[in-house]
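Read through the structure below, which is laid out as structure tokens, and then see the notes.
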2 protein chains.
Amino acid sequence: MHDPAHMPGHLIRRLQQIAVAVYYAETDNAGIDLTPVQYAAMATLLDVGEIDQITLAGLIAYDRSTIAGVIDRLVQKGYVERQVSPTDRRARILHLTETGRQILAHAKPHVEKAQQNMLMGLEENEKEQFLGLLNKIIAAGNDQSRAPMRKD
Amino acid sequence: MHDPAHMPGHLIRRLQQIAVAVYYAETDNAGIDLTPVQYAAMATLLDVGEIDQITLAGLIAYDRSTIAGVIDRLVQKGYVERQVSPTDRRARILHLTETGRQILAHAKPHVEKAQQNMLMGLEENEKEQFLGLLNKIIAAGNDQSRAPMRKD
DNA sequence: CAAAATTAATCAGCATACTGATAATCAGTG
DNA sequence: CACTGATTATCAGTATGCTGATTAATTTTG
């Protein structure tokens, strides 16, 4: 009766809590002032170069209402610049500043370490199994959320 | 590089988004005005009877700072009562109201349906595999978060 | 038993996420 | 070219989650 160990919703919420805690456990010591979400936004910007907010949001599955605040805070810190697109005055083009690039480079190894730690407790083959199943679930459920992930 | 499909942190956050969306997809039509978190709190209260906030928080791994607001809203709706413990005046004893019991009974089948839907896309044996791995990761990482789950 | 440590709850502050609405702009059509 | 519809961004409002501080009450200890 109501056994949390068999309730996916509860376990998923719990896993997310732990993943975030593991992220901070690894990054706090390194003096990194980026949230997991902020890191993902910056890492994606580094990958794809200059894009508008909606495109960025689609690549990392952020809600359009959430992305504005995330970018606000990165602009505030001086890691990202936001300027009106010359070709579409509705859109805001984003790109990393030089400072942003440096911060990101410094954070990267620690964040990658954290990603490893998140699955601690699993054997190597189990990790692959788990990631495979995760991707399968997400592929099937992607369109359920208001902020689906969109391929470039 | 920076392939989201191999970043546990990103996938976990995404899975949580989808799980919540699936919950609402299933409960909205049934006119259920409970968040996933509120439902879990009430379901646990039904299971264990009268307990204080901290104990409840431990059972479902909520932060002590978060539980107050959750309970506030349930009290507001008339589903839960909160009274000062006669044996420890710091503590607030919680219990479901009759209305709360009815609401919970009405919500239960829909929420359980949603729990099934969350793993849609997986075969039966994969679901078990996934839940097994989930529990294993959580067991290993439980103490990482500020709000660990505590066995009764 | 009195002082110190601990505990339950709350609070202010910050950062996701979402709903639903609005403003500004652009694109397509007649 | 004017009009309709779509799109980008933002905003107000609500609900988790967390940090760190505070208050009140209880428990432990010297």
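A short reminder: the numbers here are calculations on the coordinates, not readings from a lab. In this text, all values refer to a predicted model and were calculated from it rather than measured experimentally. Neighbour counts run over all protein chains shown; Cβ positions are idealised from the backbone, glycine included.
Numbers below:
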read-out: Lone qualifier among B:80, B:20, B:37 - being crowded, with 16+ Cβ neighbours inside 10 Å, more than 7 Å from chain A (Cβ to nearest Cβ) and without any contact (Cβ under 8 Å) to a residue 24 or more places away in the chain; value: B:20
read-out: Matching residues in the range A:111-135 - criterion: being within 8 Å of another protein chain (Cβ to nearest Cβ) and small (Gly, Ala, Ser); value: A:114, A:121
read-out: Helices (runs of 4 or more DSSP H) fully within the range A:37-122 counting 2 or more residues that are within 9 Å of DNA strand D (Cβ to nearest atom); value: A:53-60, A:64-77
read-out: Enumeration of residues in the range A:48-89 that are over 13 Å from the mean Cα position of the chain (by Cα) and among the charged types (D, E, K, R); value: A:50, A:52, A:64, A:72, A:73, A:77, A:81, A:82, A:88, A:89
read-out: In the range A:125-152, the residues that are touching a Phe, Trp or Tyr at 6+ places or on another chain (Cβ under 8 Å) and touching a residue at least 40 places away in the same chain (Cβ under 8 Å); value: A:147
read-out: Unmet criterion (only one of (1) within 26 Å of residue A:135 (Cβ to Cβ); (2) in contact with a helix residue (DSSP H, G or I) (Cβ under 8 Å, 6 or more places away or on another chain); (3) not charged (D, E, K, R)) for residue B:95; value: (1)
read-out: Residue, nearest to residue A:121 (Cα to Cα), within the range B:8-36, restricted to residues that are within 11 Å of DNA strand C (Cβ to nearest atom) and assigned to a loop (DSSP other than H, G, I, E, B); value: B:35
read-out: Every residue from the range B:43-59 that is crowded, with 21+ Cβ neighbours inside 10 Å and away from DNA strand C (no atom under 12 Å from the Cβ); value: B:43, B:45
